[in-house]
Amino acid sequence: MDDFSTIAAIATPAGSGGISIIRVSGPNAVPIAAALFQPGAGGPGSRSACLSLASYRLYYGHIVDPANGRTLDEVLVSVMKAPRSYTREDVLEVNAHGGPIAVRSILEAVLRQGARLAEPGEFTRRAFLNGRIDLTQAEAVADTISARSERSLSSAAALLEGGLRQEVQKMRTFCLDLLVRLEAEIDFPEEVGELIDARATAAELQERVVSPLKRLIRNHVQGRVIFEGLKVAIVGRPNVGKSSLMNRLLARERAIVTPYPGTTRDVIEDTLVVQGIPVMLRDTAGLHPSRDPIETLGMARTLENSGSADLVLFVLEAHRPLSEEDLRVYEVIRARPMLIVLNKIDLLNGSAGKAEIPDDWPRERCVLISALNGQGVEGLQERIIATATGDSGPELDGTVIPNLRQKELLELSLASAVAAATDLANGSAPELIAVHLTQAADGLGEVVGTTVKVDILDAIFSRFCIGK
């Protein structure tokens with residue numbers, strides 16, 4: 001990527017709309033504005049005057065193709081001059097009517113003036129490379145765009161403000177300061193003597209680095225749930241009320257419900273939000289012996305989805321004894337995280353025919369509900385969240401760690417910090433302690449992007465849309 005090139009892209013979603021925005025960033029952004037923008041009444045007065053457009057103001061006028069003098073659209077243009085812009089470069093934004101032909105015509109005119117089409121995430125990548133944001137904030141931009149609930153949006157906003165960066169930088173600064181003292185002891189032992197109280201420093205390293213790292217890593221599970229949501233498969237034999245349960249949870253008729261076995265033959269998916277967590281429900285085909293090839297395919301997908309789900313809702317009929325099919329289904333899914341949902345409690349009449357849960361089943365995971373009248377469904381929603389997040393619910397102790405890259409780097413830093421603290425407490429050689437501290441500081445630096453490889457940047461910014 002040429003850091004000195006000028007890039008351009010459509011920054012708004014594809015399709016028709018009220019307004020679309022073409023974004024341009026780089027050294028030629030303002031000259032491109034001067035070449036294409038014809039100011040309206042009360043504007044700068046001429047195209048050449050556009051070179052002196054003030055930052056953070058909207059100017060009314062038209063985009064005119066200089067090759068043929070044809071007006072492409074009536075627009076509002078704004079310029080944000082370096083370094084006070086998103087990328088810390090000169091930035092031009094053209095607010096045009098949201099028709100796809102008009103917007104593409106303006107983008108093509110911009111490209112003919114020497115800009116090139118931006119790569120996915122390149123505007124944010126430039127903001128990172130130019131020092132406006134760190135890597136955790138860059139990743140938070142993508143998390144903000146893809147947020148699927150108010151909870152995930154709030155967490156992404158906290159990351160965007162630099163919450164994780166501040167915590168990581170504090171730990172890294174402590175490691176580097178300690179490393180400086182150790183290096184002085186190693187290089188100038190006679191001049192400086194012992195600068196470090198080993199046991200006190202080990203305790204301080206534990207308090208200021210090891211404990212915060214453990215807390216951040218614990219938050220990854222809840223962070224992943226907040227940003228990615230939960231995959232929940234509804235499983236059971238035919239006609240136990242799986243589709244009725246899905247409809248009740250969604251509060252609308254999403255799945256077809258009939259009294260006939262085998263109505264659901266393929267996986268039906270939909271999403272609801274519980275306690276700020278997106279829950280992706282999958283209503284699956286009933287599991288039972290069948291020679292019907294379509295049903296067989298549907299049941300194969302049931303098994304596939306139950307295997308990849310964060311949680312399985314194993315649905316039984318509360319008013320009937322367990323059948324052989326129920327027992328077979330349980331054996332198939334018993335290793336999966338599950339809730340045993342005893343449905344149709346509205347049909348219980350005190351008879352001895354109700355379902356009896358075997359002693360070797362997790363009875364503490366049983367939930368009584370009626371998908372017909374909604375009894376117990378609110379409690380089921382609470383149990384879904386609590387069970388899938390380790391019975392702790394979605395509450396977080398501080399900063400969210402949303403992605404696996406950050407978690408793995410924090411784990412590497414933790415292992416090195418623990419090793420350094422142990423070496424300090426045991427009176428190990430300062431050279432060995434310094435090695436472990438360097439590894440801890442390097443891992444923390446990679447979290448925020450102080451030290452990071454190009455291929456890692458490529459992978460991170462490939463997640464972005466073009467125009468951001």
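A few remarks follow.
- Residue satisfying condition, being open to solvent by 40 Å² or more (accessible area, probe 1.4 Å) and either over 30 Å from Ser16 (Cβ atoms) or acidic (Asp, Glu) (or both), within set Gly163, Gly131, Gly114: Gly131
- Residue in segment 204-225 that is open to solvent by 70 Å² or more (accessible area, probe 1.4 Å), out of contact with any Asp or Glu (no Cβ under 9 Å at 6 or more places or on another chain) and free of Cβ contacts under 8 Å to residues at least 12 places away in the same chain present: yes
- Out of Val103, Val75, Val94, sole residue that is among the β-branched types (Val, Ile, Thr), closer than 23 Å to Gln38 by Cα and part of a helix (DSSP H, G or I): Val103
- Considering residues of segment 317-369 that are touching a residue at least 40 places away in the same chain (Cβ under 8 Å) and in contact with a helix residue (DSSP H, G or I) (Cβ under 6 Å, 6 or more places away or on another chain) only, the residue nearest to Ala388 (Cα to Cα): Leu339
- Residue match in segment 59-81 (condition: of a type in the set (D, E, K, R) and more than 24 Å from Arg104 (Cα to Cα)): yes
- Evaluating Ile333 against the criteria (1) under 23 Å from Met280 (Cβ atoms); (2) modelled with pLDDT of 85 or more; (3) not polar (S, T, N, Q) leaves one unmet condition, (2).
- Filtered by the rule that a residue be among the small types (Gly, Ala, Ser) and closer than 30 Å to Thr173 by Cβ, segment 210-233 gives Ser211, Gly223.
- If you go through segment 128-175 and pick out every residue that is part of a helix (DSSP H, G or I), out of contact with any helix residue (DSSP H, G or I) (no Cβ under 6 Å at 6 or more places or on another chain) and farther than 18 Å from Leu216 by Cα, you end up with 5.
- Counting only strands (runs of 3 or more DSSP E) that sit wholly inside segment 202-283, those with at least 2 residues that are modelled with pLDDT under 85 and closer than 30 Å to Thr144 by Cα are 268-274, 277-283.
- All positions within segment 87-103 that are open to solvent by 20 Å² or more (accessible area, probe 1.4 Å) and at pLDDT 95 or above: Arg88, Glu89, Asp90, Glu93, Asn95
- Residue-level check: of (1) within 25 Å of Glu122 (Cβ to Cβ); (2) in a strand (DSSP E or B); (3) of a type outside the set (Val, Ile, Thr); (4) open to solvent by 40 Å² or more (accessible area, probe 1.4 Å), Tyr60 misses just (1).
The values are calculated or read from the model by the stated rules, or taken from the named source; none is laboratory data. Quick caveat: nothing in here was measured; it's all calculated off a predicted structure. Cβ coordinates were reconstructed from backbone atoms using ideal geometry, including for glycine residues, and neighbour counts include every protein chain displayed. Each accessible area value is taken on the protein alone, full model and side chains, heavy atoms only, with ligands, DNA and RNA left out. Shrake-Rupley method; radii C 1.70, N 1.55, O 1.52, S 1.80 Å.
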